Amino acid sequence: MATVLSVSGSPSVSSRTAKLLRHLDTRLVAQGHDVIPLDVRMIPAEALLGADFRHPAIVEATELFQRADGVVIATPVYKASYSGVLKALLDLLPQFALTGKTVLPLATGGTTAHVLAIDYALRPVLNSMGAAHIVQGWFTLDKDITTDDDGSLAVAPAATEALTQVVDQFSAALGRAPLLAAAS
């Protein structure tokens, strides 16, 4: 079907955001999509903070965005906005890196006070980068994401239901994208 770039914007090694995203990746794979994971925290800090557009890791990330039909961007919310490492990466991508792409924004955070961070902080940036279609995103509370002793992820039932719905809507939008392009 489609190639999906799955971007974790969390700077933390033990990130609930990243674990949740990788959990959702399995649903997209089961729906027939080719999912490529990208953890921004793995890009060298000197490349991100030094704005080194020619650094091999930045060049590779840019190529991954170019190859993707769709992009899932997940971030923890800090200070009512998306993470700084995600901001650093987005700043280094070409201005219209999301042109023609379907995008699913996801966020996690400790309080519902940050639920609008997707719409007021992240969505405008994604839109300015030329995203063809930004599907409904979803904010998940940290308390609804737990890791069991065996390392498996557990997501609260209500959050699971909502996330399943937004991932399925994203998947459906990816399925329609080629039809829209062919009709033009």
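A few points about this structure:
- Segment 73-86, residues that are open to solvent by 20 Å² or more (accessible area, probe 1.4 Å), touching a residue at least 60 places away in the same chain (Cβ under 8 Å) and not in a loop (DSSP other than H, G, I, E, B): 84, 85
- Taken residue by residue, segment 51-69 has no member that is assigned to a strand (DSSP E or B) and either closer than 16 Å to residue 9 by Cβ or open to solvent by less than 20 Å² (accessible area, probe 1.4 Å) (or both).
- Count of segment 26-57 residues, restricted to those that are touching a residue at least 40 places away in the same chain (Cβ under 8 Å) and in contact with a strand residue (DSSP E or B) (Cβ under 9 Å, 6 or more places away or on another chain), is 4.
- Count - residues of segment 69-93 that are small (Gly, Ala, Ser) and more than 26 Å from residue 26 (Cα to Cα): 4
- Scanning segment 98-135 for residues that are assigned to a strand (DSSP E or B) and under 16 Å from residue 9 (Cα atoms) yields 103, 104, 105, 106, 107, 108, 109.
- Taken together, the residues in segment 110-154 that are on the phi > 0 side of the Ramachandran plot and either loosely packed, with under 12 Cβ neighbours inside 10 Å or at pLDDT below 95 (or both) amount to 1.
The values are calculated or read from the model by the stated rules, or taken from the named source; none is laboratory data. Keep in mind it's a predicted model, so treat the numbers as computed, not measured. Don't worry about glycine lacking a Cβ; one is built from the backbone with ideal geometry, like all the others, and counts go over all protein chains shown. In case anyone asks, the SASA skips ligands and DNA or RNA and just uses the protein heavy atoms, side chains included. Shrake-Rupley method; radii C 1.70, N 1.55, O 1.52, S 1.80 Å.
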